[in-house]
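A quick write-up on the structure given underneath.
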Amino acid sequence: MSTAVNPDTGDGFDAPTPSDAYADAPALRREMHEVMELGAIREGRRDGVVTAPPAPDAAAADRVFLLRRAALMDRMAVDDPGPGARGAAARAAFELAQFDRQHPQMTAGPHGPCSIEFDPSQRPYVRQEYAAWIAAGRPGA
């Protein structure tokens, strides 16, 4: 008998549920603004007004952006599980997992991005990594 998996609730995955992973996350509106600002800085479109200094390592800064964007998209998909939001969350989660496969030293949770634990969705992987990032004091933010 197999366990049903649901990326919206976290059921069937060995990862934090959305409510656990995002318990200490900023309000959605604030996080949207900060992620958009980080994206603009990353693409060289503006100097930025994010209060924290940029990470000294470009790969670390990229990972923080990808992690926060994936977590934001996941949170939005949990709140509104329509196909558009779920698709955006899945794409952002895939991009983070793809980055982490190339930089395994940057992952923090017990299961890597290639783990069978996250098949067929990488969204629980995002939650695992976001919770670990918050627990570590938001390094690179």
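No value in this document is a laboratory result; all are computed from the given coordinates. As the structure is a prediction and not an experimental result, all values here were calculated from the model. Methodologically, a virtual Cβ is constructed for each residue, glycine included, from the backbone with ideal geometry; neighbour enumeration extends over all protein chains shown.
Is it possible to state the helix-based mean residue ellipticity at 222 nm for the chain, with each DSSP H run of 4+ residues giving -39500 (n - 2.57), the sum divided by total residues, to the nearest 500 deg cm²/dmol? What is it? All intermediate terms of the calculation are to be shown ahead of the outcome.
Working: 5 runs with 74 residues, N = 141.
Counting only the DSSP helices, I get -17000 deg cm²/dmol.
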Pair Glu43, Ala4: separation of 7 Å Cα→Cβ label points (nm): 3.9 nm
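Please work out how much length the chain gains when fully extended from Asp57 to Ile134, using 0.36 nm per residue of separation minus the C-alpha to C-alpha distance, in nm with one decimal.
Numbers: separation 77, 0.36 × 77 = 27.72 nm, distance 1.89 nm.
Between Asp57 and Ile134, full extension yields an extra 25.8 nm.
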Rounded to whole Hz, the Karplus (6.51, -1.76, 1.60) HN-Hα couplings of region 79-86, x for glycine and proline: 6, 9, x, x, x, x, 5, 5
Computed label-point distance, nm, for sites Met32 and Asp11 using a 7 Å Cα→Cβ extension: 2.9 nm
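From the gyration tensor of the Cα coordinates in the chain, what semi-axes in whole Å does the equivalent ellipsoid have, largest first, with each one equal to sqrt(5λ)? Walk me through the intermediate numbers first.
Values: eigenvalues 120, 55, 35 Å².
Semi-axis lengths for the chain are 24, 17, 13 Å.
Within 10 Å, count the other beta carbons around each residue, average over each peptide in 118-128, 60-70, 20-30, and list them highest first.
Working: 118-128: 23.9, 60-70: 22.0, 20-30: 13.6.
Top to bottom by mean Cβ count within 10 Å: 118-128, 60-70, 20-30.
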Cα-centre dipole for the chain with unit charges at Cβ (Lys and Arg positive, Asp and Glu negative), debye to 20: 360 debye
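At 0.36 nm per residue, minus the direct Cα-Cα distance, what do Asp80 and Ala23 gain on full extension? Give it in nm, one decimal, please. Let's see the in-between values first.
Details: separation 57, 0.36 × 57 = 20.52 nm, distance 1.77 nm.
So the chain would gain 18.7 nm between Asp80 and Ala23.
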